[in-house]
Structures are given as C-alpha cells and as structure tokens.
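One structure below.
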Amino acid sequence: MEKRGEVEVDKRARAPRPLELAEPLKRFREFAYDNPEIYVFFMDMFEQLSHKPTSTGYPRVKSFDDMLQLIDKVIKTVPEYNRTGLVGFPINGILNWAMGTPAGFAAFLEKRVNEQFKTILDSWAEYLESAASRDGLKTGKWLDEDALKVMSDKDDTGKVVVEFKDLFTCDPTKPYYGFTSWNNFFTRDFQDPAEHRPIDAGDDVVVSACEASPYRLSRNVELYRNFSVKGQPYSLAHLLDTAHKGNGEPGASDFVGGTVYQGFLQALNYHQWHSPVKGKIVACRKIPGSYYSAAPSALCDPAAPDISQGYIAHVATRVLIYIKAENEKIGTLCFVAIGMAEVSSCVINEEIKPNAPVEKGQKLGEFRYGGSSHCLVFNPEVKLKFIDNVEKIDRDAPTTVRVNAKLATVQAGSN
C-alpha cells in the first residue's frame with residue numbers, strides 16, 4: 001500500500017480510495033476483494049455499465065469505489081425531502097444503473113452480498129434511530145411547509161382538509177415537532193385514529209392493512225410461476241417461502257387458485273401495518289432476502305423498485321403473518337409485509353404471536369424507513385368484491401386506500 005497526497009492507493013484496485021469509510025463499508029470492500037466471484041461481479045457491473053447507453057439524464061456511478069464513497073455519505077445522514085419518485089431511495093439511486101447490468105442482477109441476488117448490505121443498512125438504521133438524526137428533519141426539509149402539506153390529508157381536489165399537526169401525534173411548539181429521531185418521525189402515529197382512520201365495520205368487510213396505492217390484483221394464482229418475466233406473476237411457493245416453511249403455517253398449496261392483492265407504500269405514507277380482519281394469529285415469521293434486486297424487465301429504469309413490486313415480493317426481506325378470520329367465509333389469510341430497498345426494516349409488534357387474538361384494525365407492526373409494499377393472500381374458496389380502484393387499477397393516476405378503510409367484501413358462496 002502506498003500513499004499519494006491525501007489518499008491511499010490500493011494496488012489491487014489501481015485507483016485511489018478515501019482514508020475513511022464506515023466500518024461496515026470497509027468490511028464490504030474487503031469481502032469483495034477477498035472473494036473472486038464477488039469481485040468479478042462488482043468490477044464487471046461497472047465495466048458493463050460503461051457500454052450501456054442512457055437518455056434519462058440521471059447520473060451514473062462509474063466505479064466500485066465511487067459507489068462505496070457515495071453510500072458512506074448516505075448512511076451518515078438523513079435523506080432529503082423532494083417531490084421526485086425516488087424520494088426515500090438515495091442508495092437505490094446510487095445503485096440503479098449498476099444493478100441493471102447482467103453482473104449487477106447476479107450480484108444483488110447473491111446471499112452473501114445481501115448479508116453484507118444488511119450490516120451496512122443496520123448501521124444506517126442505528127443512526128436513524130438516534131437523537132442525532134433529528135437535525136435531518138430540518139436540514140432535509142421534512143418539516144418545511146411543502147413536505148408537511150404533502151403528508152397532510154387532502155380531498156379529491158388536492159385541498160388540505162386535515163393538517164399534519166392535527167393528523168399525527170406531534171407538537172409544533174417543540175423542537176423537531178417533538179419527534180425524538182428520524183425513525184420516530186417516519187413511523188409516526190395518528191393523533192386520533194378513530195377519527196382520522198376509522199375501521200370499516202362488518203365481519204364480511206376486509207379492510208386495508210396499510211396506507212397504500214393499489215399495485216396489482218391477481219386471481220387464480222399458481223403454486224409455481226416464473227416471476228422474473230415482464231408480467232411478474234405471483235408464484236405462491238416463493239412468495240410464501242415454503243422451502244423454509246415455519247411451524248404452524250398453512251402450506252402454499254392451500255392458497256393455489258386463490259387471490260393476491262398488492263399495494264405500495266410511498267416514503268411519505270404512514271408506515272404501520274394493521275390487521276385486515278378480526279381473528280387469531282396462526283403463525284408469523286421474518287424472511288431474510290435481497291435489498292437491491294429488481295425485475296430484469298425494469299432494470300435501469302429510475303423507478304425500478306416501484307415497477308418491480310411483483311418480482312420483489314418473492315425475493316425481498318419480508319414478514320409473513322397468517323390470520324384465521326373470525327368470519328369463516330374469509331378463512332385463513334396471509335399478510336405479507338415487503339421491505340423495498342434502503343433499510344427495509346420489517347418489525348412485528350411484540351403482542352403479535354401464534355394463538356394471540358387480533359382485532360380488525362389492530363396494529364401488527366411497521367416499516368422503519370424506506371419505500372415498502374405488502375400483499376394479502378386469500379385461499380381459493382374466498383370470493384371477494386374489491387373496491388373500484390382495486391378492481392380497475394390505474395397506475396398512471398394511483399390513488400391511496402387509507403388504512404382501516406374497506407378494501408373488499410366477502411361475497412355469497414365463499415367456502
């Protein structure tokens with residue numbers, strides 16, 4: 001190793017690198033250099049990228065060390081508010097072009113690479129949980145008028161009807177509105193849930209488990225499908241991870257021919273999950289998975305995470321919560337919380353455990369920082385009539401289904 005000015009030169013890389021990186025990034029760099037197949041992936045992805053034309057105008061990271069330096073900056077800060085589709089996805093913005101190459105697609109599916117990224121993202125999560133992250137609420141413009149307006153409740157015309165300060169538990173007279181950390185802000189509670197997010201009544205009504213925009217509704221779902229193709233169909237065996245099935249879980253075959261609904265939570269949405277029905281918890285578990293893998297058909301699109309949600313549901317870090325509904329016509333359903341990129345923390349509430357009773361609208365858990373997605377999986381005997389903006393999804397003009405609002409009604413003939 002030799003020094004040139006203010007940087008060290010690693011002769012293996014033949015390129016200068018900074019003297020300081022966060023420890024998880026240092027370990028990741030060592031891991032990549034010490035494992036030849038991983039090293040080839042990360043060297044080749046940037047070589048392949050240099051030959052890939054783009055006309056979007058988005059900048060591209062051009063080397064492995066550049067990637068590390070940029071990620072190092074991100075995990076020491078809070079992301080800034082903006083009105084782009086990539087708000088809340090700063091690391092995805094860094095990796096987007098590289099993961100769109102053949103080498104990048106292979107690298108970000110590799111289990112050991114994802115284990116390394118987990119340590120990097122855990123380090124960032126630790127910072128976002130700390131009091132030091134509160135300053136980012138101001139410097140990142142999250143408490144500015146424009147951001148607060150976007151996160152307020154609005155009517156169909158876009159007029160604010162309930163301001164942020166009245167919608168969420170906060171105190172505008174205190175520093176940082178009383179939030180103790182970035183994640184405390186991100187996972188904020190409604191000030192009066194009964195008023196602002198009332199639970200739609202009726203035991204034949206399934207309510208929305210998250211504050212989310214409808215992404216896809218699929219019926220007659222199969223046990224195995226190729227979910228990496230352009231249409232991204234659901235493959236129940238992979239979505240429900242039956243190769244590593246947990247104790248007490250129904251088999252994926254129980255849902256063959258059934259229905260899958262998927263909805264997308266934007267970074268500005270409320271990020272807690274609620275039970276869609278009244279019943280009993282049958283089983284629950286967390287599945288480790290990928291963080292930056294996108295469907296091949298979407299790679300190099302700046303909105304790759306959004307348009308890859310069907311694919312991501314099968315490979316990303318996620319939580320399965322099986323609930324046996326009190327209404328026998330609904331039977332046992334599965335709520336799937338899907339972490340997408342960035343920190344992707346899926347946290348199950350302590351009281352949510354096998355055999356525990358659960359009320360409709362009761363909190364199940366939360367996402368801590370990051371854009372996220374979720375699915376509801378129903379067995380084939382359940383016939384559901386979904387609300388109009390789910391039956392006729394318009395992805396060019398997405399609407400938000402509020403948490404606890406009616407999502408579907410069980411039809412006669414179920415079970």
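So the values come out like this:
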| quantity | calculated |
| --- | --- |
| In region 194-231, residue farthest from Asp388 (Cα to Cα) [restricted to those that are among the hydrophobic types (A, V, I, L, M, F, W, C) and not in a loop (DSSP other than H, G, I, E, B)] | Ala194 |
| Residue in region 104-120 that is outside any helix (DSSP H, G or I) and either open to solvent by 10 Å² or more (accessible area, probe 1.4 Å) or of a type outside the set (A, V, I, L, M, F, W, C) (or both) present | yes |
| Any hit, region 236-243, residues being among the acidic types (Asp, Glu) and farther than 24 Å from Lys385 by Cα | yes |
| Options Asp166, Asp144, Asp153, Asp203; residue that is touching a residue at least 24 places away in the same chain (Cβ under 8 Å), open to solvent by less than 60 Å² (accessible area, probe 1.4 Å) and among the acidic types (Asp, Glu) | Asp153 |
| Flag for Lys230 being at pLDDT below 95 and over 30 Å from Gly136 (Cα atoms) | yes |
| Residue match in region 283-299 (condition: closer than 15 Å to Leu376 by Cα, modelled with pLDDT under 90 and open to solvent by less than 10 Å² (accessible area, probe 1.4 Å)) | no |
| Subset of region 72-103 (residues that are of a type in the set (A, V, I, L, M) and either open to solvent by 10 Å² or more (accessible area, probe 1.4 Å) or farther than 10 Å from Tyr292 by Cβ (or both)) | Val74, Ile75, Val78, Leu86, Val87, Ile94, Ala103 |
| Complete set of residues in region 388-415 that are under 23 Å from His271 (Cβ atoms) and of a type in the set (S, T, N, Q) | Asn389, Thr399, Thr400, Asn404 |
| Top-ranked residue of region 121-132 - restricted to ones that are closer than 16 Å to Leu21 by Cβ and buried (at least 21 other Cβ atoms within 10 Å of the Cβ), ranked as nearest to the chain's Cα centre (by Cα) | Leu121 |
| Extreme residue, least open to solvent (accessible area, probe 1.4 Å), among residues of region 1-48 that are in contact with a Phe, Trp or Tyr (Cβ under 9 Å, 6 or more places away or on another chain) and at pLDDT below 50 | Asp10 |
| Residue list for region 362-400, restricted to those being acidic (Asp, Glu) and touching a Lys or Arg at 6+ places or on another chain (Cβ under 9 Å) | Glu381, Glu391 |
| Some residue of region 255-271 being without any contact (Cβ under 8 Å) to a residue 12 or more places away in the chain, part of a helix (DSSP H, G or I) and either touching a helix residue (DSSP H, G or I) at 6+ places or on another chain (Cβ under 6 Å) or surrounded by 20 or more Cβ atoms within 10 Å (Cβ to Cβ) (or both) | no |
| Listing of strands (runs of 3 or more DSSP E) fully contained in region 337-415 that carry 2 or more residues being closer than 24 Å to Phe190 by Cα, in contact with a strand residue (DSSP E or B) (Cβ under 8 Å, 6 or more places away or on another chain) and open to solvent by less than 10 Å² (accessible area, probe 1.4 Å) | 363-368, 372-378, 406-410 |
| Some residue of region 93-107 being at pLDDT 85 or above and within 30 Å of Leu148 (Cα to Cα) | yes |
| Enumeration of residues in region 97-114 that are in contact (Cβ under 8 Å) with a residue 40 or more places away in the chain and either closer than 21 Å to Arg318 by Cα or of a type in the set (D, E, K, R) (or both) | Met99, Phe105, Ala106, Ala107, Phe108, Leu109, Glu110, Arg112, Val113, Asn114 |
| Selection count where residues are without any contact (Cβ under 8 Å) to a residue 24 or more places away in the chain and part of a helix (DSSP H, G or I), scope region 237-254 | 3 |
| Residue count for region 158-183, restricted to those that are within 22 Å of the chain's Cα centre (by Cα) and outside any loop (DSSP other than H, G, I, E, B) | 3 |
| Residue identified as of a type in the set (Asp, Glu) and under 22 Å from the mean Cα position of the chain (by Cα) among Asp155, Asp72, Asp146, Asp135 | Asp72 |
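The values are calculated or read from the model by the stated rules, or taken from the named source; none is laboratory data. What you see is a predicted model; the values in this text were computed from it and never measured. In this analysis, Cβ positions are derived from the backbone assuming ideal geometry, glycine residues included, and neighbour counts consider all displayed protein chains. For the accessible areas, the whole protein counts, side chains as well, though only heavy atoms, and no ligand, DNA or RNA atoms are used. Shrake-Rupley method; radii C 1.70, N 1.55, O 1.52, S 1.80 Å.
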